[in-house]
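Colleague: Quick one: the structure is below, and I'll ask about it shortly.
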Amino acid sequence: MPASTAPGVRLLPNAVTVLALCSGLSGVQFMLAGNEVGAIAAIALAGVFDALDGRLARLLDASSRIGAELDSLSDCVSFGVSPALILFLWSLHDLRVGWVVALVLVVSTALRLARFNTLSDSEAAAEAPPFAGEFFVGVPSPAGALVSLTPLATELLLGPGWWSAPVTVAIWTVLSAALMISRIPTSSLKSVRVPPAAVAPALVLVALAAAAVVAVPFALYPVAILLYLAHIPYAAYRYRWLERHPEVWHVPPRQRRARPPSGPDPWPCPPTTPSRWAAAAAAAVAAARPWPRST
């Protein structure tokens, strides 16, 4: 911990996590009051807070064990318990198995967070391939919560329809839960890098998206969810491709397909903890180099 970091600043990441917890639970209160727009907005705001607390902890060098445990508890409540109660109060209560479906969503969120904490341990991280940090295992809980609320957002946009039928909502909720506990690779935002030349267009797109959210709040919601779900097959393909090409694991993501077929290696492998993945990568790199090697 840097000596210049004030004690109050060290508590900032945990304060943001508490805000995420309060926002997620407030979604249930909004739903009880009949404010469906506020319920979805509260879950989305909890997702924003959840994205900020970890980054603040790393930026301020304020990571702690209690912060990690608090974050897991907050995620389980905000993205498991609250969405399940919102869906039950809205539609699932009309089904005999509606409460069971809500419990499936809560339990799946808890299992997904438990697996995430297990994979984040130092020993498990050392055995993971070098590119594993570019992916999540399964759909992360904030995204899973927003995916599960898509039928409600669609009804707010288009009105009642087959998408808001209790049976449809139940099936969609179970599928959302299955995505969270699955082992399907999904892209992590940590691996997204905007090229300098694309910064200005990206800011323009952000401004347009913000204007659309203000003008028609739920017009972008189903579109964004469909785009996210559509990226999953590509993420799975990219993960499998990287598994089959260990010789590019140490290459920056943007340069992997631009790797020259021969000549001196412009991206020397950094030293890593020996593991079966590192051994496989070293063997593949050695086999790919055409020039004579010293013995």
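Colleague: Test residue 79 against the stated conditions and say whether it is in contact with a helix residue (DSSP H, G or I) (Cβ under 9 Å, 6 or more places away or on another chain), free of Cβ contacts under 8 Å to residues at least 60 places away in the same chain and among the aromatic types (Phe, Trp, Tyr).
Modeller: No.
Colleague: Out of all the residues in region 10-25, is one or more of a type outside the set (A, V, I, L, M, F, W, C) and more than 19 Å from the chain's Cα centre (by Cα)?
Modeller: The answer is yes; a qualifying residue exists.
Colleague: Between 170, 153, which is at pLDDT 75 or above, touching a Gly at 6+ places or on another chain (Cβ under 7 Å), hydrophobic (A, V, I, L, M, F, W, C) and closer than 27 Å to residue 106 by Cβ?
Modeller: Matching residue, one of 170, 153: 170.
Colleague: Among the residues of region 182-189, are any at pLDDT below 80 and outside any helix (DSSP H, G or I)?
Modeller: yes
Colleague: With the structure loaded, tell me whether residue 83 is at pLDDT 95 or above and not charged (D, E, K, R) or whether it fails that test.
Modeller: Against the criterion (at pLDDT 95 or above and not charged (D, E, K, R)), residue 83 qualifies.
Colleague: Counting only residues that are within 19 Å of residue 35 (Cα to Cα) and surrounded by 22 or more Cβ atoms within 10 Å (Cβ to Cβ), how many does region 67-87 have?
Modeller: Residues flagged as within 19 Å of residue 35 (Cα to Cα) and surrounded by 22 or more Cβ atoms within 10 Å (Cβ to Cβ) within region 67-87 amount to 7.
Colleague: Among all residue pairs at least 6 apart or on different chains, which show Cβ distances below 6 Å where the first residue, located in region 147-166, is within 15 Å of residue 223 (Cβ to Cβ) and of a type in the set (Gly, Ala, Ser) and the second is outside any helix (DSSP H, G or I) and modelled with pLDDT under 90?
Modeller: 153/218
Colleague: Residues that are among the acidic types (Asp, Glu): which helices (runs of 4 or more DSSP H) entirely in region 25-98 hold 2 or more of them?
Modeller: Those helices (runs of 4 or more DSSP H) span 36-59, 65-76.
Colleague: Of the residues 19, 73, 87, 56, which is closer than 23 Å to residue 159 by Cα and in contact (Cβ under 8 Å) with a residue 24 or more places away in the chain?
Modeller: 87
Colleague: In this structure, is residue 249 among the aromatic types (Phe, Trp, Tyr), modelled with pLDDT under 85 and surrounded by fewer than 17 Cβ atoms within 10 Å (Cβ to Cβ)?
Modeller: Taking the combined requirement at face value, the residue does not satisfy it.
Colleague: What pairs come up if the first residue lies in region 199-216 and is within 24 Å of residue 37 (Cβ to Cβ), the second is surrounded by 10 or more Cβ atoms within 10 Å (Cβ to Cβ), and their beta carbons are under 8 Å apart, counting only those six or more places apart or on different chains?
Modeller: 209/220; 212/219; 212/220; 213/220; 216/157
Okay, residues lined up against (1) touching a helix residue (DSSP H, G or I) at 6+ places or on another chain (Cβ under 7 Å); (2) at pLDDT 90 or above; (3) surrounded by 15 or more Cβ atoms within 10 Å (Cβ to Cβ):
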position: 106; (1), (2), (3): yes, yes, yes
position: 123; (1), (2), (3): no, no, no
position: 132; (1), (2), (3): no, no, yes
position: 137; (1), (2), (3): yes, no, yes
position: 141; (1), (2), (3): yes, yes, yes
position: 146; (1), (2), (3): yes, yes, yes
position: 149; (1), (2), (3): yes, yes, yes
position: 163; (1), (2), (3): yes, yes, yes
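The values are calculated or read from the model by the stated rules, or taken from the named source; none is laboratory data. This one's a predicted model, so the numbers in the text were calculated from it and none came from an experiment. Using ideal geometry, Cβ is built from the backbone for each residue, glycine included, and neighbour counts are taken over all protein chains shown.
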